[in-house]
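Each remark here refers to the structure printed beneath this line.
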Amino acid sequence: MGLFGWISVFTSRQAAGAEIGADERRERLSEKMTYYSIAVDASAQTLSPDERRHLRTTAQVPDWFRPDVQRRYEEIRKRR
């Protein structure tokens with residue numbers, strides 16, 4: 001096998017390795033987003049009617065909402 005043959009073998013192995021790495025990153029990101037969506041849903045269930053109305057009209061969550069989502073996310077992640 002000549003020089004170009006070895007180069008193509010080497011680069012194809014790198015590409016396959018990069019593909020596997022990208023798949024793993026996508027899986028981790030997907031898992032993270034799933035945990036966050038569960039946390040957001042649980043936090044949203046605790047919004048009062050007035051907070052829901054404010055959210056719908058202003059697209060702003062209450063000050064406690066983001067820290068609550070983060071806390072729930074951490075709890076979910078620890079359990080898995």
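The values are calculated or read from the model by the stated rules, or taken from the named source; none is laboratory data. What you see is a predicted model, and the numbers here were worked out from it, not measured in a lab. Heads up, the Cβs are rebuilt from the backbone with ideal geometry, glycines too, and the neighbour counts pull from every protein chain shown. Ligands, DNA and RNA are stripped out before the accessible areas are found, and what is left, the full protein with its side chains, is counted by its heavy atoms. Shrake-Rupley method; radii C 1.70, N 1.55, O 1.52, S 1.80 Å.
Across the protein chains, with a 1.4 Å probe defining accessible surface, the residues Leu47, Leu55, Leu29 rank Leu29, Leu55, Leu47 from largest area downward.
What the Cβ-Cβ distance of Glu31 and Glu51 gives, at R0 = 22 Å and to the nearest 0.05, is a FRET efficiency of 0.15. What is the local net charge at Arg66, summed over the other residues whose Cβ is closer than 14 Å to its Cβ (Lys, Arg +1; Asp, Glu -1)? Spelling it out: positives minus negatives among the neighbours equals -2. Summing charges over neighbours of Ser30, with a neighbour being any other residue whose Cβ is under 15 Å away from its Cβ, gives +2 when K and R count +1 and D and E count -1.
The 1.4 Å probe gives accessible areas that order Ser48, Ser30, largest first, as Ser30, Ser48.
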